[in-house]
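Have a look at the structure below, then the notes.
The values are calculated or read from the model by the stated rules, or taken from the named source; none is laboratory data. As the structure is a computational prediction, the values presented were derived from the model and not from experiment. Because the Cβ atoms are built from the backbone with ideal geometry, glycine has one as well, and the counts that use them run over all protein chains shown. When the accessible area is computed, the model is the full protein with side chains, heavy atoms only, and any ligands, DNA or RNA have been set aside. Shrake-Rupley method; radii C 1.70, N 1.55, O 1.52, S 1.80 Å.
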Amino acid sequence: MKNPVYLFSRRHDAWDTIARKLRSASRIAIFLDYDGTLTPIRRTPSDAFLTPEAQDILQQLAQLPSVQLAIITGRSMEDIRKLVDVKKIDIAANHGFHIYKNGTEWIHPQAASLTRVLSRLCLILQNALAGFPGAFVENKQFTISIHYRNLAPRYVRPLKSVVTKTVHSFDPTLRITRGKKVLEVRPQISWGKGNAVLKMLHTNKPQRRRVSVFIGDDTTDEDVFRALRPMGITVRVGKSTSTNAQYYVKNVEAVMTVLRSIISLRRDLLPRRRLSAKP
């Protein structure tokens with residue numbers, strides 16, 4: 001890992017370098033995390049709505065020629081579809097176990113086979129964590145999330161202990177990963193957001209001048225940073241000295257600035273007769 005470069009650093013000319021790549025690309029694939037990237041993280045996940053401006057920016061990107069736009073999220077497919085009302089957008093939900101692309105749905109077969117197991121575990125976890133006010137368990141069909149953002153700090157360690165013991169006693173093959181104030185219970189499958197992004201890219205016809213961009217903020221996004229680092233542009237939201245991302249921006253507002261800039265760059269390349277078209 002190396003320290004990421006601030007995307008708008010004048011000393012490194014980072015944005016100028018990226019802008020040249022984006023201008024010359026025959027096609028751009030833009031992959032975006034949701035929480036903490038397109039919208040600030042909220043105390044309750046259901047309150048993390050896109051602003052009208054963010055919704056409009058995504059719609060403009062999705063309608064640009066030679067631009068593939070996708071959301072890569074840990075949320076369930078049902079949940080993220082309610083939050084992102086954009087036409088011509090692809091989605092990888094549940095950390096990549098559930099993909100919707102070009103009207104075609106794909107579910108990882110091993111994850112699909114464990115839905116009943118995870119449903120039973122979800123009920124067990126809900127009972128086991130009943131004494132932790134502010135924490136709640138979310139059944140996302142192919143994964144389970146234990147949210148503790150609203151839990152008093154002194155209860156966090158005991159909660160993690162209970163979750164670990166409960167999950168391992170129920171099924172030791174399941175694995176537990178950590179995000180921002182959330183524990184994720186997943187199938188023991190070598191698959192994640194990075195695999196999903198590569199799968200979505202490979203379903204397109206290979207193009208030598210295609211540029212891939214990913215922007216994310218969480219530890220669950222690190223496998224995408226690793227997967228795309230050799231061939232794409234990877235941006236972390238928030239500075240970190242332990243990330244695989246090449247660049248970083250400070251916050252969600254900066255992400256919007258990046259996306260607006262991409263829109264402007266690609267529109268400048270359109271034939272003049274298209275410039276007056278409504279986004």
*asked:* What distance in nm lies between label points placed 7 Å from Cα along the C-beta direction at R178 and S26?
replied: 4.5
_Taking R0 as 22 Å, what FRET efficiency do you get between L269 and L198 from their Cβ-Cβ distance, rounded to the nearest 0.05?_
0.25
*Would you mind calculating the gained length between K2 and Q188 on full extension (0.36 nm times residue separation, minus the Cα-Cα distance), in nm to one decimal?*
64.1 nm
_Pair E105, D47: separation of 7 Å Cα→Cβ label points (nm)_ = 3.1
*Per residue, how much accessible area does the chain have with a 1.4 Å probe, in Å²?*
50
*State, to one decimal in nm, how far the label point of A112 lies from the label point of T164, with both points 7 Å from Cα in the Cβ direction.*
3.5
*At a 1.4 Å probe, what is the % contribution of carbon and sulfur to the accessible area of the chain?*
49
*Full extension from D16 to R260: what is 0.36 nm times the residue separation minus their Cα-Cα distance, to one decimal in nm?*
86.3 nm
*Highest mean first, what order results for 53-64, 69-80 on Cβ atoms within 10 Å?*
69-80, 53-64
*Per residue of the chain, what 222 nm ellipticity follows from adding -39500 (n - 2.57) for every DSSP H run with n ≥ 4, rounded to the nearest 500?*
-10500 deg cm²/dmol
_Taking the Cα centre as origin and putting +1 on Lys and Arg beta-carbons and -1 on Asp and Glu beta-carbons, what dipole magnitude results for the chain, to the nearest 20 debye?_
800
*Give the peptides 26-35, 226-235 in descending order of average Cβ contacts within 10 Å, highest first.*
26-35, 226-235
*How much FRET efficiency would the formula 1/(1 + (r/R0)^6) give for E253 and Q55, where r is the Cβ-Cβ distance and R0 is 22 Å, rounded to 0.05?*
0.90
_Highest average packing first - 178-188, 121-131, 10-20, Cβ atoms within 10 Å_ = 178-188, 121-131, 10-20
*asked:* Amide H of R175 versus every other amide H placed in the peptide plane: which residues, excluding those fewer than 5 positions away on the same chain, fall under 5 Å?
replied: R186, Q188
